[in-house]
Structures are given as C-alpha cells and as structure tokens.
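Input: a single structure, listed below in structure tokens.
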Amino acid sequence: MKAVLLEGFGGLEVLKVGEAPKPAPAAGQVLVKVVATSINRPDLVQRAGKYPPPPGDSEILGLEVAGTIAELGEGVEGWKVGDRVLSLVGGGGYAEYAVAYASHLMPIPEAMSFEEAACVCESYITAFLNVFMIGELKDGQTAIFHGGGGGVNTAALQLANALTPNVKKIVTAHPSKLERVKGLGADLVIDYTTTPDFADAIKEFTNKKGVDLILDHVGAKYLAPNMNSLGYKGKLVIIGVISGIKAELNLALMMVKRQQIIGSVLRSRPVPEKAEIIAEFTKRAIPRFADRTIVPIIEKVFSIDDVVEAHRMMEDDQHFGKIVLKISEG
C-alpha cells in the first residue's frame with residue numbers, strides 16, 4: 001500500500017512517500033481504507049524521534065483516520081464492510097489502509113465529508129476529554145483556551161459554543177488570527193505576542209474572580225500567569241509543553257485557592273479507556289456534527305504526495321483549524 005515513510009528522524013527531509021505492507025486486523029479490530037487523515041502537532045514530534053507510538057501500534061505517522069471499513073477482524077460486531085467511519089489510531093493514518101479498534105470507531109454523519117471527518121478524532125476528542133470530562137466545564141463558568149487558531153483550541157471553542165453556550169470563553173492567539181477567533185464566538189481575545197503575562201487582563205475581565213478552567217499546551221512559560229488567572233477551585237489542564245517542562249510554582253497560592261493542575265495525554269491511554277472516552281464523545285458531541293452545529297474548520301487539504309508541504313504549514317503555524325491529508329478517493 002502507499003504510505004508516508006520516515007527515513008530516520010529529523011526535519012522535513014525524512015518524509016518519503018513509498019510502499020509499506022498492508023496491515024491485517026487482529027481480533028476486535030477492523031481494517032479501514034483511509035480516505036483522509038489530518039496533520040497533528042504530535043506527528044511533528046514523532047518525526048523528530050521524540051514521540052514513539054504505543055507498543056504494538058504502527059510506526060507510520062497519523063493519529064486519526066476517516067474512510068470505509070475494508071475488513072472485519074475476528075469477533076467484531078455492529079459494523080460491516082463499507083461502513084463510513086472515523087477513528088482514533090495509535091499510528092498508521094498516513095497510509096492507504098490502517099487498523100483501528102472496533103471500540104474506537106464512530107460513524108461518519110451523512111452530512112459530513114471524509115475530509116471533515118478526518119479532523120474530528122485527535123483535536124475534538126482531545127478538547128472534549130480535557131474541557132468537559134476532566135475539566136468539567138459547566139454553563140456559567142469561564143474558561144481560557146490558549147493558542148486560538150490551532151486544531152485543539154479551535155475545537156474547544158466550537159465545542160464550548162455547542163455544549164455550554166453560557167460559558168465565557170477567553171482565547172489567547174497570534175495577531176494574525178485574532179479576528180477569526182473572535183468570529184468563532186470568543187468573548188475575549190488576547191494577543192499573546194503583546195501580552196505574554198495575561199493575568200492582569202484576565203482579572204479585569206472577570207472582576208478579579210479568575211477563571212474556572214484553563215486548557216494549555218504551552219507549559220513552563222505560562223505556568224505562573226495561568227495560576228494567577230485561575231479562580232477559587234480552578235483547574236489547569238496541561239496537554240502540551242512546547243515552551244519547556246520546568247517552572248516555579250507558588251504552592252501557597254495553589255493551596256489557599258484549592259486549585260488543581262492536571263496533566264493529560266490521549267494517545268498512551270489504554271484501549272478500554274479510550275473506548276469509554278469515545279463512547280461519551282459519540283453520545284454528546286457527534287450529534288452536533290450531524291446537525292452541522294459544529295463544522296470542522298479546514299485550512300487546506302493536501303494530497304499524500306504533498307505531505308512535506310503539509311508538515312511545513314504546521315511547522316510554520318500558518319494554519320487556522322486543521323490541515324488535512326487526502327490519502328485516496330472515497
């Protein structure tokens with residue numbers, strides 16, 4: 001099968017389109033004929049040799065797939081060959097065929113294209129897990145989503161609009177993306193290039209109350225302003241550390257305000273745990289995609305042969321929403 005291969009680890013030069021063995025589904029799995037996948041920042045980290053797939057998963061890049069079921073593994077029930085599905089995968093999305101656990105499959109709504117479906121799993125499930133299941137965001141609360149314009153935080157904003165319409169949403173963003181973030185319904189947008197310490201702006205906006213939840217992928221650089229922005233019993237959920245992994249923490253402030261810091265990753269969770277998350281997402285969020293309340297935002301669709309340019313766009317942070325990789329015709 002056609003696939004994107006890595007010739008070692010490093011920069012864009014290690015990405016090559018070639019041939020790889022077609023995988024076979026084990027018991028409880030299905031083989032998906034991949035129509036589209038998407039580029040996610042962890043793909044770049046894996047390409048650099050710093051984010052290996054979980055044991056047993058494909059070494060090929062790609063954390064999500066949208067396509068049709070080509071083959072059922074032993075014991076799989078409730079699905080049939082030809083069904084349109086989207087799924088999280090531990091690896092293997094950048095290829096014509098990929099294996100997925102049947103318990104991780106979701107039906108593609110009739111109104112949704114394969115390209116749109118390819119945007120859902122990694123970004124929207126990550127956002128849903130950390131904002132609603134872990135962060136327990138509720139109507140009437142206030143949340144900060146850092147890095148507005150990226151896949152996960154754009155997804156978080158859209159999900160908050162659809163599932164908790166009375167939440168106040170604060171987004172930090174690059175100046176080139178401020179207006180588009182505002183257009184998605186953010187109540188306050190902060191230019192992080194001119195306001196790296198955003199805590200004062202948050203206190204003013206919340207009348208010194210602080211926020212209930214922060215979704216952060218920045219890490220060390222934002223720890224102090226994040227904690228200063230959190231209100232009483234507020235939660236900081238950290239899903240990335242692009243600015244570093246070490247920072248000082250004011251434990252006294254954290255204790256007095258009963259704040260929580262929670263680290264979270266999705267890829268390395270056990271298969272049954274992912275299945276539980278996906279089941280909850282299917283129940284609560286997929287209907288909002290089906291009725292087009294939520295429409296995935298696609299910056300650009302690249303063919304598999306243009307994977308280098310797709311990765312370059314992600315590296316240069318030129319995108320708003322998702323970058324899609326078209327693998328085959330649906």
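The values are calculated or read from the model by the stated rules, or taken from the named source; none is laboratory data. What you see is a predicted model, and the numbers here were worked out from it, not measured in a lab. With ideal geometry, Cβ positions are generated from the backbone for all residues, glycine too; neighbour counts draw on all protein chains shown.
Would you confirm, using the coordinates I've provided, whether residue 172 is of a type outside the set (Asp, Glu) and modelled with pLDDT of 95 or more? Before you say what the answer is, go through the steps one by one.
Values: of a type outside the set (Asp, Glu): yes; modelled with pLDDT of 95 or more: yes.
Answer is yes for this residue.
Could you say which residue among 73, 49, 67 is of a type outside the set (Phe, Trp, Tyr) and either surrounded by fewer than 16 Cβ atoms within 10 Å (Cβ to Cβ) or under 18 Å from the mean Cα position of the chain (by Cα) (or both)?
On the way: 73 fails: either surrounded by fewer than 16 Cβ atoms within 10 Å (Cβ to Cβ) or under 18 Å from the mean Cα position of the chain (by Cα) (or both); 67 fails: either surrounded by fewer than 16 Cβ atoms within 10 Å (Cβ to Cβ) or under 18 Å from the mean Cα position of the chain (by Cα) (or both).
After applying the criteria, what remains is 49.
Which condition number in (1) on the phi > 0 side of the Ramachandran plot; (2) touching a helix residue (DSSP H, G or I) at 6+ places or on another chain (Cβ under 9 Å) is the one that residue 225 fails?
Tallying (1) on the phi > 0 side of the Ramachandran plot; (2) touching a helix residue (DSSP H, G or I) at 6+ places or on another chain (Cβ under 9 Å), residue 225 fails exactly one: (1).
Test residue 215 against the stated conditions and say whether it is surrounded by 21 or more Cβ atoms within 10 Å (Cβ to Cβ), under 21 Å from the mean Cα position of the chain (by Cα) and not in a loop (DSSP other than H, G, I, E, B).
Numbers: surrounded by 21 or more Cβ atoms within 10 Å (Cβ to Cβ): yes; under 21 Å from the mean Cα position of the chain (by Cα): yes; not in a loop (DSSP other than H, G, I, E, B): yes.
Here the answer is yes, as residue 215 does meet what is asked.
Yes or no, residue by residue, for (1) of a type in the set (A, V, I, L, M); (2) without any contact (Cβ under 8 Å) to a residue 12 or more places away in the chain; (3) touching a helix residue (DSSP H, G or I) at 6+ places or on another chain (Cβ under 7 Å):
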position: 2; (1), (2), (3): no, no, yes
position: 5; (1), (2), (3): yes, no, no
position: 10; (1), (2), (3): no, no, no
position: 14; (1), (2), (3): yes, no, yes
position: 20; (1), (2), (3): yes, no, no
position: 26; (1), (2), (3): yes, no, no
position: 29; (1), (2), (3): no, no, yes
position: 45; (1), (2), (3): yes, yes, no
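Restricting to the range 282-325, and then to whatever is among the small types (Gly, Ala, Ser) and more than 16 Å from residue 44 (Cβ to Cβ), can you tell me which residue is surrounded by the most Cβ atoms within 10 Å (Cβ to Cβ)? Before you say what the answer is, go through the steps one by one.
Residues of the range 282-325 that are among the small types (Gly, Ala, Ser), as a first pass: 285, 290, 303, 310, 321.
Within this subset, residues satisfying the condition of being more than 16 Å from residue 44 (Cβ to Cβ) are 285, 290, 303, 321.
Working: 285: 24, 290: 15, 303: 13, 321: 22.
The qualifying residue surrounded by the most Cβ atoms within 10 Å (Cβ to Cβ) is 285.
Condition (residue is of a type in the set (Gly, Ala, Ser), at pLDDT 95 or above and within 13 Å of residue 99 (Cβ to Cβ)) applied to the range 32-51: is it met by at least one residue? Before you say what the answer is, go through the steps one by one.
Of the range 32-51, the ones of a type in the set (Gly, Ala, Ser) are 36, 38, 48-49.
Retained after the next criterion (residues that are at pLDDT 95 or above): 36, 38, 48-49.
Filter once more, so that each one left must be within 13 Å of residue 99 (Cβ to Cβ): none.
No, the range 32-51 contains no residue that is of a type in the set (Gly, Ala, Ser), at pLDDT 95 or above and within 13 Å of residue 99 (Cβ to Cβ).
Here is a list: 96, 110, 136, 115. Which entry is in contact with a helix residue (DSSP H, G or I) (Cβ under 8 Å, 6 or more places away or on another chain) and either closer than 22 Å to residue 326 by Cα or among the acidic types (Asp, Glu) (or both)? Steps first, please.
Values: 96 fails: in contact with a helix residue (DSSP H, G or I) (Cβ under 8 Å, 6 or more places away or on another chain); 136 fails: in contact with a helix residue (DSSP H, G or I) (Cβ under 8 Å, 6 or more places away or on another chain); 115 fails: in contact with a helix residue (DSSP H, G or I) (Cβ under 8 Å, 6 or more places away or on another chain).
None of the other options fit; the residue is 110.
Pairs needed: first member in the range 167-187, farther than 13 Å from residue 157 by Cα; second member anywhere, part of a helix (DSSP H, G or I) and among the aromatic types (Phe, Trp, Tyr); C-beta distance under 8 Å; at least 6 residues apart or different chains.
If the second residue must be part of a helix (DSSP H, G or I) and among the aromatic types (Phe, Trp, Tyr), no pairs are left.
Tell me whether the range 96-112 contains one or more residues that are free of Cβ contacts under 8 Å to residues at least 12 places away in the same chain and surrounded by fewer than 19 Cβ atoms within 10 Å (Cβ to Cβ). Full working, then the answer.
Just the residues of the range 96-112 that are free of Cβ contacts under 8 Å to residues at least 12 places away in the same chain, to begin with: none.
No: the range 96-112 contains no residue that is free of Cβ contacts under 8 Å to residues at least 12 places away in the same chain and surrounded by fewer than 19 Cβ atoms within 10 Å (Cβ to Cβ).
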